[in-house]
Amino acid sequence: QVQLVESGGGLVQPGGSLRLSCVASGSIFTIYAMGWYRQAPGNQRELVATITVGGSTNYAESVKGRFTISRPNAKNTVSLQMNSLKSEDTAVYYCNTFPPREGAWGQGTQVTVSS
């Protein structure tokens with residue numbers, strides 16, 4: 001069973017930055033494409049960014065140019081650098097494979113953008 005643990009969330013002012021990290025229980029990042037997802041209160045979970053095993057990335061239009069997904073050298077880590085944060089980025093952020101494995105959702109990490 002894959003276990004994913006997200007961290008790095010917090011409270012930040014509009015225009016600020018945060019870096020989220022996701023650690024997996026195994027080297028799944030070398031096998032599966034990975035994604036960052038988010039869910040705001042009252043909304044469905046949405047896909048934010050993806051990265052393939054080969055390193056190709058893709059982003060939702062709402063975050064393009066502001067967020068960067070990457071896989072640092074560690075085989076079991078994927079990160080999301082978030083710059084120029086907006087209030088509408090407030091949500092719980094999750095990582096999972098892409099497409100997502102239903103049994104692999106972690107607790108997520110809360111990101112709140114507010115002045």
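Can you tell which of 92, 78 is in contact (Cβ under 8 Å) with a residue 24 or more places away in the chain, crowded, with 17+ Cβ neighbours inside 10 Å and closer than 15 Å to residue 10 by Cβ?
Values: 78 fails: closer than 15 Å to residue 10 by Cβ.
Exactly one of 92, 78 is in contact (Cβ under 8 Å) with a residue 24 or more places away in the chain, crowded, with 17+ Cβ neighbours inside 10 Å and closer than 15 Å to residue 10 by Cβ, namely 92.
When 45, 71, 38, 66 are screened for being surrounded by 12 or more Cβ atoms within 10 Å (Cβ to Cβ), charged (D, E, K, R) and touching a residue at least 60 places away in the same chain (Cβ under 8 Å), only 38 passes.
Every condition in (1) open to solvent by 70 Å² or more (accessible area, probe 1.4 Å); (2) assigned to a loop (DSSP other than H, G, I, E, B); (3) over 16 Å from residue 17 (Cα atoms) holds for residue 100 except the one numbered (1).
When you scan segment 12-34, how many residues do you find that are out of contact with any helix residue (DSSP H, G or I) (no Cβ under 7 Å at 6 or more places or on another chain), assigned to a loop (DSSP other than H, G, I, E, B) and either touching a residue at least 60 places away in the same chain (Cβ under 8 Å) or of a type in the set (Asp, Glu) (or both)? It would help to see each step written out before you state the result.
Let us first name the residues in segment 12-34 that are out of contact with any helix residue (DSSP H, G or I) (no Cβ under 7 Å at 6 or more places or on another chain), namely 12-13, 15-34.
Then keep just the ones that are assigned to a loop (DSSP other than H, G, I, E, B); that gives 13, 15-17, 25-27, 31-33.
Checking which are either touching a residue at least 60 places away in the same chain (Cβ under 8 Å) or of a type in the set (Asp, Glu) (or both) leaves us with 13, 15-17, 32-33.
Total meeting the criteria: 6.
Here residue 37 does not fit the description of being part of a strand (DSSP E or B) and within 17 Å of residue 12 (Cα to Cα).
The values are calculated or read from the model by the stated rules, or taken from the named source; none is laboratory data. For clarity, every value in this text was computed on a predicted model and none was experimentally measured. Because the Cβ atoms are built from the backbone with ideal geometry, glycine has one as well, and the counts that use them run over all protein chains shown. The accessibility values were calculated without ligands, DNA or RNA, using every heavy atom of the protein model including side chains. Shrake-Rupley method; radii C 1.70, N 1.55, O 1.52, S 1.80 Å.
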